[in-house]
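Here's the structure, in structure tokens; my notes come after.
The values are calculated or read from the model by the stated rules, or taken from the named source; none is laboratory data. Since this is a predicted model, take the numbers as computed values, not measurements. Here the Cβ positions follow ideal geometry from the backbone for every residue, glycine too, while neighbour counts run over all protein chains shown. With ligands, DNA and RNA removed, areas are computed over all heavy atoms of the protein, side chains included. Shrake-Rupley method; radii C 1.70, N 1.55, O 1.52, S 1.80 Å.
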Amino acid sequence: EKGGYDTFMEKEINDQPHAVGDTLLGRTDAEGRLVLDELRIDEDKLKQVDRITIVACGTAAYAGMVAKYAIEHWTRIPVEVSLAHEFRYCDPIVSERTLVVSISQSGETADTAMAVRHARSLGALTVSVCNTHGATIPRESDAVLYTHAGPEIAVASTKAFLAQITACYVLGLYLAQLRGQTYADDAKAVMAELHEVPAKIEALLGTMGRVEEIARFMADTRSVLFLGRNVGYPIAMEGALKLKELAYIHAEGFAAGELKHGPIALIEPGQPVFIVVPGPDTPNDLHKKVVSNIQEIRARGARTLVIAQEGDDEVLPFADEVIRVPHTSPLLQPLLTVVPLQVFALHLSTAKGLDVDQPRNLAKSVTVE
Ligand code: F6R
């Protein structure tokens, strides 16, 4: 049942090309246009949406943060991401033109279910992005967009995360297409690029030997920091969460631009820092800005573990380790950059002799508030 792997988590990390591929399957017609009849929501209602609120917890909320960048860029509809347990009690601004998108692997997370119920009672249109057929949250939502990651057994979420991000891209592109306004990128071109991602994940998974080695050497590490910018920011948060839950190591993710506003004080000689570097083609010189962040922390003695696109040589002078990911366009990069961070957490946990599939104090689905 573990498909020849030692743990469910390792199997599920290796399932990720399928999780992404299957979530894309059947969602376009022969011309490459998005078709989401499965939503069964009146198109006029969707066209009138003037605000999107994503509600989710933990890893699913980080998928929501990635989605925010993409959906806002493609549709120009304002998107807010709210932790489900905060949303419910913050007197949220919701109208019948608000689309509340919940993201939940299990579909049973109590905090998220309560947020959806609350949103509906306020008149919002609710769509559930969910990995479990017929679960509570999809049942209680106006519409559902299933992720097709297959059952996720390990407590720490991996393949469901990639599938959630993929489904949110599909939803964002569909909304853009529906409104006749792909403000930025052409939806068909993005879909074509998304279809190439599973093979890129597969190739990336084949190069994780060095990441495993780095993790094994770090079994005694007490703190790891993660930096990212734009869509790399939620990936830094996710990398830190994986390490906390699996290896019980203090870990924190930051937006790279925040460094000089405080966190850089944490940098001392030997402090390991992962940096998720945006591709060199990312708008607004973000690549250069993150490279100069690496330089700044390296000058203060940090041990820099750099996740950079193939061919990006500007990071080399400041990197203690370079972990390469294949090229894809800037908004789609999270589907690749998160993979080495998952693999790192898996092997660090294993090196410490811990149970990767069943971390202490955690349950696979949190069905109490
Ligand atoms: C992290 C993890 C949790 C879940 C969160 C939401 O690895 O598994 O943070 O992502 O509890 O769970 P779902 O998606 O089932 O609502």
Amide H contacts of His327 (H built 1.01 Å from N, under 5 Å, at least 5 apart or other chain): Glu310
Solvent accessible area, Å² - Thr28, 1.4 Å probe, full protein context: 40
Unit Cα scatterers, Debye sum, segment 218-288: log10 I(q)/I(0) for q = 0.12, 0.14, 0.26, 0.28 Å⁻¹: -0.32, -0.43, -1.17, -1.26
Amide hydrogen neighbours beyond the local backbone of Leu227, cut-off 5 Å, H modeled: Phe254, Phe274, Ile275, Val276
Estimated vicinal HN-Hα couplings, Hz - segment 128-141 in sequence order (Karplus 6.51, -1.76, 1.60; Gly, Pro = x): 9, 9, 9, 9, 10, 4, x, 6, 4, 5, x, 4, 8, 9
Segment 44-131: trypsin sites (Lys or Arg not before Pro) in DSSP coil with no more than 15 other Cβ atoms inside 10 Å: Arg76, Arg97
Partner lysines for Lys200 [C-alpha distance under 24 Å; skip if fewer than 8 residues away on the same chain]: Lys2, Lys11, Lys68, Lys159, Lys188, Lys242
Gyration tensor (alpha-carbon) shape descriptor, segment 1-115, a/c threshold 1.5: oblate
Principal-axis tilt of helix 187-205 within the chain, Cα atoms, nearest 10 degrees: 40
Note, ³J(HN,Hα) from phi for segment 55-69, Karplus 6.51, -1.76, 1.60, rounded to Hz, x at Gly and Pro: 10, 5, 10, x, 4, 4, 5, 5, 4, x, 5, 4, 4, 4, 4
DSSP-loop chymotrypsin sites (Phe, Trp or Tyr not before Pro) across segment 46-147, with at most 13 other Cβ within 10 angstrom: Tyr89
Euclidean distance of C-alpha centroids, segment 296-315 and segment 138-178, integer Å: 32
Amide hydrogen neighbours beyond the local backbone of Thr28, cut-off 5 Å, H modeled: Val35
The chain, relative contact order in percent, only Cα pairs under 8 angstrom and at least six apart counted: 19
Whichever aspartates and glutamates have a C-alpha closer than 19 Å to that of Lys352, once near sequence neighbours (fewer than 8 apart) are set aside: Asp6, Glu10, Glu212, Glu213, Asp220, Glu245
Cα-based reach from Lys288 at 17 Å (exclusive), listing aspartates and glutamates while leaving out same-chain residues under 8 positions away: Glu258, Glu296, Glu310, Asp312, Asp313, Glu314
Per-residue HN-Hα couplings for segment 214-230 [Karplus 6.51, -1.76, 1.60; θ = phi - 60°; Hz; x = Gly/Pro]: 4, 4, 5, 6, 9, 4, 9, 5, 9, 7, 9, 10, 10, 10, x, 9, 6
Principal-axis tilt of helix 159-178 within the chain, Cα atoms, nearest 10 degrees: 50
